[in-house]
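Everything below concerns the one structure shown next.
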Amino acid sequence: MAVVELDRLTLAPDTRLLGLDLGEKTIGLALSDRLLMVATPMETLKRGKFAADAARLDIIISEHGIGGLVVGLPLNMDGSDGPSAQSARAFGRNWVNRSALPLIFWDERLSTMAVTRTLLDADASRKRRGEVVDKMAAAYILQGALDRLRRLKAGPASSSSSRCSSRVAWVRVSRRWRSSALRYDPRGAIAIWD
């Protein structure tokens with residue numbers, strides 16, 4: 001298969017999506033439910049050579065009925081590709097050359113920062129943050145893709161009304177969580193507050 005856009009994704013019935021947050025040393029994994037509504041942090045893998053990482057992912061894919069991958073694409077703030085984004089794209093190219101599963105890149109700018117900030121707000125220890133930040137960032141990335149997929153399936157009539165309600169909800173969330181400095185907007189945007 002190839003890298004596909006989210007609006008062109010077709011999955012077999014009763015399959016899930018697997019979210020990946022590719023780091024230099026680890027790969028955070030998150031799993032969607034079968035209804036493609038909720039992303040759940042799954043585990044963090046130590047990163048090695050691509051062949052070894054792919055073999056471990058193949059086992060996870062077969063165990064959990066995965067129908068596609070959502071890979072976080074860490075673009076620079078200006079939208080250009082930096083070294084991390086180039087590494088994620090290389091992983092995607094290698095993956096589609098060996099697997100029939102569709103792969104989607106999802107903009108993950110500042111996802112790890114948002115998750116870390118949330119964990120700090122929850123008074124998680126440094127050790128605990130280190131254990132869970134990658135898989136929670138993968139869940140954050142996957143949830144953004146799932147929300148967008150759900151809006152795409154709802155169609156144009158509901159997307160205009162959901163855009164308004166999401167804007168209102170976003171204002172409410174921004175005011176309530178202003179100290180968190182960063183929140184994900186369900187439409188795919190990220191806002192940073194002073």
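Taking 18 Å as the cut-off, the amide N atoms of region 1-39 that come nearer than this to a point 7 Å along the Cα-to-beta-carbon line of ASP58 belong to 1-2. Here region 14-104 is assigned +1 on the Cβ of each Lys and Arg and -1 on the Cβ of each Asp and Glu. Its dipole about the Cα centre then comes out at about 280 debye. Using a/c under 1.5 as the rounded threshold, could you call region 1-120 rounded, prolate or oblate? The axes a ≥ b ≥ c are square roots of the C-alpha gyration tensor eigenvalues, and prolate needs a/b larger than b/c, oblate otherwise. In terms of gyration-tensor shape, rounded. Stretching ALA154 away from LYS46 to a fully extended chain increases their span by 35.1 nm, per 0.36 nm per residue minus the current alpha-carbon distance. Packing-based ranking of 101-113, 40-52, 8-20 yields 101-113, 8-20, 40-52, ordered from highest to lowest mean Cβ neighbour count within 10 Å. Inter-part distance, region 112-135 to region 7-38, computed on C-alpha centroids, equals 21 Å. At a Förster radius of 25 Å, what calculated FRET efficiency corresponds to the Cβ-Cβ distance of ARG98 and ASP14, to the nearest 0.05? After rounding to 0.05, the efficiency reads 0.55. For the pair LEU120 and ASP78, label points projected 7 Å from Cα toward Cβ lie 2.6 nm apart. Positive contributions from Lys and Arg (+1) and negative ones from Asp and Glu (-1), summed over other residues with Cβ under 13 Å from the Cβ of ASP78, come out at -1.
Among residues other than ALA90 with Cβ under 15 Å from its Cβ, the summed charge is +2 (Lys and Arg +1, Asp and Glu -1). Per residue, region 19-158 exposes an accessible area of 49 Å² to a 1.4 Å probe, with every protein chain left in place.
Considering only protein heavy atoms and a 1.4 Å probe, what is the carbon-and-sulfur percentage of the accessible area of region 68-131?
Carbon with sulfur: 50 percent of the solvent-accessible area.
The values are calculated or read from the model by the stated rules, or taken from the named source; none is laboratory data. What you see is a predicted model; the values in this text were computed from it and never measured. Please note: Cβ atoms are built from the backbone with ideal geometry, for glycine as well, and neighbour counts cover all protein chains shown. For the accessible areas, the whole protein counts, side chains as well, though only heavy atoms, and no ligand, DNA or RNA atoms are used. Shrake-Rupley method; radii C 1.70, N 1.55, O 1.52, S 1.80 Å.
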